[in-house]
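See below for the structure under consideration.
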Amino acid sequence: MNADPIRLTLDHLVVAAETLEEATAHAEAALGQPLVPGGKHVRFGTHNCVAGLADDLYLEAIAIDPAVPPPPMPRWFGLDRFRGPARLSTWVVRVEDLDAALAVLPMAGEAVDMARGALRWRMAVPEDGALPFDGLFPALIEWRSPVPAGTALASTGRRVTRLQIAHPEAEALAALLGPHLDVPQAVFETDDVPSLRATLEAPDHRRVLQ
């Protein structure tokens, strides 16, 4: 018997870089507003900065934390392999039941319990840390906190109006996610070069984060 369908909704976008300073600067340039310090993820040896977006979404800048020793397992978001300039690297979708979601989409990884300050959540992380489809398969998150990060952060007023997922196998990715995906901003496009591109709109301007 097939597992029941699961609903994937957009939770946040992730900008990665070799340093947190680079990731933060790249995110701020597109956002037009500063990010605020987030904190450390001890389990994966990373740290981040964040900014709230409209619709209870948020933007995260993340990088390896050089002040802590490497973790015993590969870092999430493929950060161990990350090279080059800062860029929009990952989209994260929220699920109500991560175990049920992984029964349907086991390629997303294994459930990992996470905490930072008052926040509690579960995240699907592949064994090697790298998400399928060259990192463009969405990361799955289940919030355990009464108030998720996107709701807790003050909104900058920027709204994600389009999320372009470009990949040589975009059609296969869209078919895999399609029965469960509730992200109207998502557009899948076939391209030789895998990439993410998000359009952020405010009343006075439109900017692109890539």
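The values are calculated or read from the model by the stated rules, or taken from the named source; none is laboratory data. As the structure is a prediction and not an experimental result, all values here were calculated from the model. Counting neighbours? That spans all protein chains shown, and the Cβs are built from the backbone with ideal geometry, glycine included.
Here are some notes:
- Extreme residue, nearest to the chain's Cα centre (by Cα), among residues of region 163-210 that are farther than 20 Å from PHE77 by Cβ and among the basic types (Lys, Arg): ARG207
- Among the residues listed as GLU28, GLU60, GLU18, the single one being surrounded by fewer than 18 Cβ atoms within 10 Å (Cβ to Cβ), outside any helix (DSSP H, G or I) and modelled with pLDDT of 95 or more: GLU18
- Positions within region 78-101 being surrounded by 20 or more Cβ atoms within 10 Å (Cβ to Cβ) and over 24 Å from GLY38 (Cα atoms), in sequence order: ALA101
- Leading residue by the ranking (nearest to the chain's Cα centre (by Cα)) among those in region 139-162 that are charged (D, E, K, R) and farther than 18 Å from ALA30 by Cα: GLU142
- Close pairs (6 angstrom Cβ cut-off, 6 or more residues apart or separate chains): touching a residue at least 12 places away in the same chain (Cβ under 8 Å) and more than 23 Å from VAL42 (Cβ to Cβ) in region 119-136, part of a loop (DSSP other than H, G, I, E, B) and not aliphatic (A, V, I, L, M) anywhere: ASP134/PRO194; LEU136/PRO194
- Residue check, PRO37 exposed (fewer than 15 other Cβ atoms within 10 Å of the Cβ), in a loop (DSSP other than H, G, I, E, B) and over 16 Å from the mean Cα position of the chain (by Cα): no
- Hits in region 188-210 (condition: over 13 Å from GLN164 (Cβ atoms) and either loosely packed, with under 13 Cβ neighbours inside 10 Å or touching a residue at least 60 places away in the same chain (Cβ under 8 Å) (or both)): ASP192, ALA202, PRO203, ASP204, HIS205, ARG206, ARG207
- All of (1) modelled with pLDDT under 95; (2) in contact with a Leu (Cβ under 6 Å, 6 or more places away or on another chain); (3) assigned to a strand (DSSP E or B) hold for ALA111 with one exception: (1).
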